[in-house]
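The values are calculated or read from the model by the stated rules, or taken from the named source; none is laboratory data. If you're wondering where the values come from, they're calculated on a predicted model, not measured in any experiment. Every residue, glycine as well, gets a Cβ built from its backbone with ideal geometry; the counts of neighbours run over all protein chains shown.
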């Protein structure tokens, strides 16, 4: 696997579509070559309800270059499993993850695209994504003549950026995209607990975050002291969330250039 | 640790990077191979020289072994020759006249006065029996002679009185020095 990654690397697209909660933003590589700049924003577009002709209007905005799509975490299912020992053989590892998934996931795993990543000696992050949704996205792009070379997730991309910060990474971050929130707790930049929840009001967000922090304290014996809020779009009063976090003695960290964290690293 | 999560079906391989990386690795590998070949050829040359030296040493050894064998053969020949000569010399020593005289001297020394030898038969071999006839003027002189020779395996075969003399035929064994 390591040798594969060393030799074979994939071209990163020059253009990205971030598909959020019923909206999408189109980003193109900035002229300076550093990062991406938002060029278009389209509201009231649901990925699930989108059809080929509807996507045709969007496709017209896209330039004819390789394109990537970054989805928020609403359609992704994250699990972090801890094992006594993780085997090196990919087959065994896959069987082990599937066995653990079957215990916690009520649906048929075969309907999902399963990917898993070894986080450290004992933990594996598993990501499930509905195969039918993936095919739907690929069909939309293909039928409109757009080359889709990247299909990723915003939370994973953020994790990849934060892991580079190591000790400077926040102990948890909350990614907010309208009503969808996802809180990710990190140790040395690596996730150990991930939770998604939906909340439309600031008070509800605060309540859910408080519950989550208490759960982490009880289950992982860790007390997070720093936090970053990664906001895509939000109608809630964010200062309420920040204030409540401060009351819990959690220091908010403003990460430089964090709006670029949803895009994959250039290799 | 980076999570490489991209589930798109049509990922595009960065061939430029791939070929550049492969090229760099290839150049490094060729470099290593060249260095290896050079080192090996130097070692092979050294090995050949050593092998030649060894061959020369082996040839020298073989020549020396051959010479050694020849010398051993020569020594054996000389030994054989010397053995023959020694045997002959020993024969000469054994057959020299001196033991004769010594034996006769001894017999003369042992003979008491009034006893004389009429005839004697003796051998040059050490330890061989000596046969002789004695004549004594009296029987007591003859007995005296018997006493003198009694320590030398004396065997008396005949006694007679003839012509007024006491004759006796006897055998003794005298061991003489070579």
Filter the stretch A:97-129 down to the residues that are without any contact (Cβ under 8 Å) to a residue 12 or more places away in the chain and surrounded by 14 or more Cβ atoms within 10 Å (Cβ to Cβ) and list them by number. A:117
In the list A:114, A:148, A:125, which residue meets the criterion of being in contact with a strand residue (DSSP E or B) (Cβ under 7 Å, 6 or more places away or on another chain), under 23 Å from residue A:195 (Cβ atoms) and at the interface with another protein chain (Cβ under 9 Å from one of its Cβ atoms)? A:125
Run down A:256, A:166 and say which single residue is within 14 Å of chain B (Cβ to nearest Cβ) and either free of Cβ contacts under 8 Å to residues at least 60 places away in the same chain or surrounded by fewer than 17 Cβ atoms within 10 Å (Cβ to Cβ) (or both). A:166
How many of the residues making up the stretch A:211-238 are surrounded by 14 or more Cβ atoms within 10 Å (Cβ to Cβ) and under 22 Å from residue A:80 (Cβ atoms)? 10
Of the criteria (1) over 20 Å from residue B:175 (Cα atoms); (2) modelled with pLDDT of 90 or more; (3) not in a loop (DSSP other than H, G, I, E, B), which one residue B:113 fails: (3)
So which of A:132, A:94, A:74 ends up being at pLDDT 90 or above and either crowded, with 16+ Cβ neighbours inside 10 Å or within 25 Å of residue A:28 (Cβ to Cβ) (or both)? A:74
Spot the failing condition for residue A:79; the list is (1) assigned to a strand (DSSP E or B); (2) loosely packed, with under 12 Cβ neighbours inside 10 Å, and only one is missed. (2)
Looking at (1) in contact (Cβ under 8 Å) with a residue 60 or more places away in the chain; (2) within 13 Å of the chain's Cα centre (by Cα); (3) part of a strand (DSSP E or B), which is the only condition residue A:192 fails? (2)
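Just for the stretch A:40-71: of the residues that are within 14 Å of chain B (Cβ to nearest Cβ) and part of a loop (DSSP other than H, G, I, E, B), which one is farthest from the chain's Cα centre (by Cα)?
Once the filter is applied, the top-ranked residue is A:65.
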